[in-house]
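Here is the structure we will look at.
The values are calculated or read from the model by the stated rules, or taken from the named source; none is laboratory data. Worth saying up front: this structure is predicted, and the values here are computed from it rather than measured. Don't worry about glycine lacking a Cβ; one is built from the backbone with ideal geometry, like all the others, and counts go over all protein chains shown. Note: areas computed on protein heavy atoms with side chains; ligands, DNA, RNA excluded. Shrake-Rupley method; radii C 1.70, N 1.55, O 1.52, S 1.80 Å.
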Amino acid sequence: MHLSALTLASLPADIHTPIYDRRRYAPGVVHLGLGAFHRAHQAMVFDQLLSTGDTRWGIHGVGMTRPDLVNQLKAQDGLYAVRIADGQGVKWQVPGALWRTSVATTERDTVVQAIAAPSTRWVTLTVTEKGYTPALAQLLLDGLRLRQQAGLSGITVASCDNLQGNGHKLQALVKAQISTHDTPTQDGDLLSWIGTHCAFPCSMVDRIVPAATPEVLAAASQALGLRDDASLSTEGFWEWVIEDRFADPSDAALLQSAGVRVTGDVHSYEEAKLRMLNGSHTAMALMGAVTGRPFIASCIGVPHIREFVVRLMGQEVAPHLSRSDWADYRTALIARFGNPYLKHSVHQIATDSSQKIPQRWPPSVLGQIAQGASFEHHALAAAVFVRYTLAVDESGQAYALNDPQAESLMALGTAQRTEPEACVRALLGREDLWGSALPQHAAWIARVTHWHQHILQHGVDHAVQQLTEA
Ligand code: CS2
């Protein structure tokens, strides 16, 4: 038997389950990008708010393209179990905030209507770095225009993707879309209505939530006594820092009561998280992919990789952060990376590296350059990225490059077997990855070339050892 509204009551007593009525009210939140992360992060915050008796936080979850997860969740009435596990212990919880589900590609009108529904107060987004397209902006605009025409209230539109200034980026995308597509009068009206009534706060979200593995699904059915095809595994740690900018200002206090940090300064949290957590993640993921280590925990468990990550953060990232408690943050991160319950696949994190690297590495490298300081760790990481584009690991196992730029990266990357230097130059010349300054920087290119040669000759581990023993 599956987990569902009908079987919920049969769960063991120690599993935390929703205590509120999930059928009587319309959702107040439309979430775009219904994946693992949202279900183990914001959906659990909204679950907590619903538990207080505030019925406005039910979610209409929208899968952007693939129907499989949405179908599984539909079959389970939007219910799924989350294993929260780390050094502090293991517990299971079934959040109940997901009330409706749709797929944007096949049910676009339903999604537009959901954004325009009178009960909707928030739209949250985790559509990944590559999801910020004109099509996304148009989807939002179609919903917002209906709200404006119906004389409804404005809403909070909160981007929760790993992008610096994510709220500003989303707002700019929506504005640009209005100017390109609407007629001048409509255009001005809608633009000023959005400006006056809607809010696009920046936000930083953090919780490690790997894609579920068969092991997690098996553990779920063991713990629940029911089959759950949508279960997830995560850590105890979570953080949501959001800019104090809401369509309904009273949401600030509510979110705070559920453990969310509401602040005027999201920026310092964003930059620390993107460059320390995500920057190290990308470096380890690429190292793991090339050396054949499957999980982040297997990488951080190797002393020289651990030392590499500690130094990358302390020597090259931290000096440019406005967050002063970075040393504690780093200690916590190292422990989180080592969480043995999180089988966080390096290939999952290496997915879309071309979209992730720009936020994660170049700001620190440029900061080091400006101070005349060393950027060896980032240079080595960049060299591993070049090696990664060969799509075969050091023991000869092929892997797929899952990236919107896969074709062009592999076309450039293949040349490293015969013309390694030209290949490094070509890959480092791409402004879409490195920005406009780094491709011109001779010392940067020279150091990446150095480490790349070392890697081709002696392997990634040897290079990392040499750097960390220096
Ligand atoms: C990871 C993130 O896949 C990735 O790119 O770096 O998903 C990371 O696990 C989260 O941002 C943690 O909050």
> How many residues, within region 431-470, are small (Gly, Ala, Ser), within 23 Å of residue 288 (Cα to Cα) and either part of a helix (DSSP H, G or I) or at pLDDT below 95 (or both)?
Replying inline: 2
>> Please go through region 225-235 and give me each residue that is buried (at least 22 other Cβ atoms within 10 Å of the Cβ) and not in a loop (DSSP other than H, G, I, E, B), ordered by number.
In response: 232, 233, 234
> Taking region 21-42, which residues are open to solvent by less than 20 Å² (accessible area, probe 1.4 Å) and within 16 Å of the ligand (Cβ to nearest atom)?
Replying inline: 33, 34, 38, 39, 40, 41, 42
> Can you pull out the helices (runs of 4 or more DSSP H) entirely within region 375-430 that have at least 3 residues that are over 22 Å from residue 466 (Cβ atoms), of a type in the set (Val, Ile, Thr) and open to solvent by 20 Å² or more (accessible area, probe 1.4 Å)?
Replying inline: none
> In region 294-317, what count of residues is obtained for those that are open to solvent by 10 Å² or more (accessible area, probe 1.4 Å) and either within 24 Å of residue 86 (Cα to Cα) or hydrophobic (A, V, I, L, M, F, W, C) (or both)?
Replying inline: 11
>> So for region 217-238 (the condition being within 15 Å of the ligand (Cβ to nearest atom), in contact with a His (Cβ under 7 Å, 6 or more places away or on another chain) and not acidic (Asp, Glu)), does at least one residue qualify?
In response: yes
> Taking region 81-95 as the search range and keeping residues that are part of a loop (DSSP other than H, G, I, E, B) and in contact with a helix residue (DSSP H, G or I) (Cβ under 6 Å, 6 or more places away or on another chain), which one is farthest from residue 51 (Cα to Cα)?
Replying inline: 81
> Limited to region 288-311, what total is found for residues that are part of a helix (DSSP H, G or I) and away from the ligand (no atom under 14 Å from the Cβ)?
Replying inline: 11
> Out of all the residues in region 43-60, which are in contact with an Asp or Glu (Cβ under 9 Å, 6 or more places away or on another chain) and either open to solvent by 10 Å² or more (accessible area, probe 1.4 Å) or assigned by TED's automatic domain parsing to the domain that holds residue 348 (or both)?
Replying inline: 55
> Here are some residues: 227, 311, 261, 245. Which one is charged (D, E, K, R) and within 21 Å of the chain's Cα centre (by Cα)?
Replying inline: 261
> Just for region 201-216: of the residues that are of a type in the set (A, V, I, L, M) and under 26 Å from residue 294 (Cβ atoms), which one is nearest to the ligand (Cβ to nearest atom)?
Replying inline: 208
> Which one is surrounded by the fewest Cβ atoms within 10 Å (Cβ to Cβ), of the residues in region 239-257 that are part of a helix (DSSP H, G or I) and not hydroxyl-bearing (Ser, Thr, Tyr)?
Replying inline: 253
> Which members of region 322-363 meet the condition of being of a type in the set (A, V, I, L, M), closer than 19 Å to residue 233 by Cα and buried (at least 17 other Cβ atoms within 10 Å of the Cβ)?
Replying inline: 333, 342, 346, 349
>> I need the full set of residues from region 105-137 which are in a helix (DSSP H, G or I) and open to solvent by 40 Å² or more (accessible area, probe 1.4 Å), in order please.
In response: 108, 109, 110, 113, 130, 134, 135
>> With the requirement that a residue be touching a Ser or Thr at 6+ places or on another chain (Cβ under 6 Å) and open to solvent by 20 Å² or more (accessible area, probe 1.4 Å), what does region 258-275 give you?
In response: 275
>> What's the total number of residues in region 315-366 that are more than 10 Å from the ligand (Cβ to nearest atom), hydroxyl-bearing (Ser, Thr, Tyr) and assigned to a helix (DSSP H, G or I)?
In response: 4
> What is the one condition in (1) closer than 23 Å to residue 155 by Cα; (2) open to solvent by less than 10 Å² (accessible area, probe 1.4 Å) that residue 78 does not satisfy?
Replying inline: (1)
>> Within region 375-394, does at least one residue satisfy the condition of being modelled with pLDDT of 95 or more and either assigned by TED's automatic domain parsing to the domain that holds residue 128 or at positive phi (or both)?
In response: yes
> Which of the residues belonging to region 1-20 are assigned to a loop (DSSP other than H, G, I, E, B), open to solvent by 80 Å² or more (accessible area, probe 1.4 Å) and hydrophobic (A, V, I, L, M, F, W, C)?
Replying inline: 1, 6, 13, 19
